[in-house]
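Here the structure comes first, spelled out in structure tokens, and everything after it is commentary.
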Amino acid sequence: MDPTLAARTLTASTEIATAALSGQDPDTVLDLVVRAAAELAEADLGLVMAGSDDGSLTVEAAFGARATNPVGLVLSARSSAARVARGGVPIVADDVTTDPRTAPYVPRELTAYGPFAAAPFGTRESRLGALTVYRRRGRKPFTSGTVEVLTAFAAQAGLVLVLAEGRNAHERVGLYEERERIARDLHDVIIQRLYGAGMQLDLLARRPARKLAKPDATRLGDAVEQLDAAIADVRSVVRALRNPDPIVPTDLAESVRAEVATARELLGFEPSFELTGDLTDIPGSLADHLRAALRESLSNVVRHAGALRVAVHLVRTPDSLRLTVADDGCGIPQGVTHRGLRNLHDRAHQINGRCDVRSSPRSGTTVTWEAPLA
């Protein structure tokens, strides 16, 4: 290999490795790859093509194209570049439009070119696609030495990208784990403490034996409202941190038991809890809605019902998730509007579910909150 060409190849490979391993945008790295390939091969056009499941190739980056932009162009799975990507063997042609191996599958956008060479892009274990170069018709064909340089460069650049993707994936896993840890701490610790403090303040304000002056009662009510707003803000942060994937399972059963345990401390007695069905694969977004509905229902019991018995029943069927919270308290007074009940209905409506509230002074209140799993 020409020493000057070898030095240029090494410089280009080093630049690409530095960019890829430093976490630069993948599109930027591909632009560096295709530019270097075209310059090393003294080509008029360079293309980086990525393979797809059906064997076809899509142009992901281009260098040297002026009249038309081939990025996004799809080449047939039977094209020479696709065969190079699958087989790992480079190919060279004096004229891409007349050589029987290449001519049948040359797209219209590339018919102005003659000399052609293609090298596999990636590694033997992880074949990413093909790296192709073209010269204008009438120019000299690519020599075997040039094709050798192109093949070595494509292998090195592909290896760097594979390593960079592995490193980035490892860093993403670490980031997701840290975000999940923060979200779990916020949900399991901070929200529970804020919720408990709000319940205690609300109960204090409602005790007849401790009648507060109107300004103090107003300030206490404002404090409860601010705690409610803080809980809503923290929940929003938790959702943003977790960014739940619809197929990611959540530990819903454990968090429901934690909500019931918090209510026990505030009620002064143990609510009954029954779980029917498996909750391990409940989507994260639905689990968040159900936890909030349970918390709202128990909060209403603590604040308003004066109940002596509370029963929580959570049922998972093949088609739905149903939560029932029943108490033997004083029921909901006629004509009274409760923000918490509106929240329950709103949450059910958001996920095409339903919320049914039945209440009377004799039998207490039963809230049934149900959401479809489809």
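The values are calculated or read from the model by the stated rules, or taken from the named source; none is laboratory data. Predicted model only: the values in this text are computed from it and were never measured. In this analysis, Cβ positions are derived from the backbone assuming ideal geometry, glycine residues included, and neighbour counts consider all displayed protein chains. Heads up: the accessible areas ignore ligands, DNA and RNA and are worked out on the full protein's heavy atoms, side chains in. Shrake-Rupley method; radii C 1.70, N 1.55, O 1.52, S 1.80 Å.
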Thr58: accessible area at probe 1.4 Å, nearest 10 Å²? 40
Candidates per GluC sites (Glu not before Pro) in segment 94-149, loop by DSSP, up to 14 other Cβ within 10 Å: Glu125
Quick one: if you take sqrt(5λ) for each eigenvalue of the C-alpha gyration tensor of segment 49-112, what semi-axes come out, biggest first, whole angstrom? 17, 16, 10
Kirkwood hydrodynamic radius of segment 114-159, from inverse mean 1/r over distinct Cα pairs, in Å: 11.0
Tell me, what is the 1.4 Å probe accessible area of Ile351, in Å² to the nearest 10? 40
Could you sort Leu344, Leu40 by their accessible area in this structure, using a 1.4 Å probe and putting the largest first? Leu40, Leu344
I'd like the accessible area for His349: 1.4 Å probe, protein heavy atoms, all chains in place, Å² to the nearest 10. 140
Let me check something: with ligands and nucleic acids excluded, how do Thr111, Thr102 order by accessible area (1.4 Å probe), largest to smallest? Thr111, Thr102
For segment 283-323, rounded, prolate or oblate, judged on the Cα gyration tensor with a ≥ b ≥ c (square roots of eigenvalues), a/c < 1.5 rounded, else prolate if a/b > b/c? oblate
From the protein chains alone at 1.4 Å, what is the descending order of accessible area for Arg135, Arg86, Arg78, largest first? Arg78, Arg86, Arg135
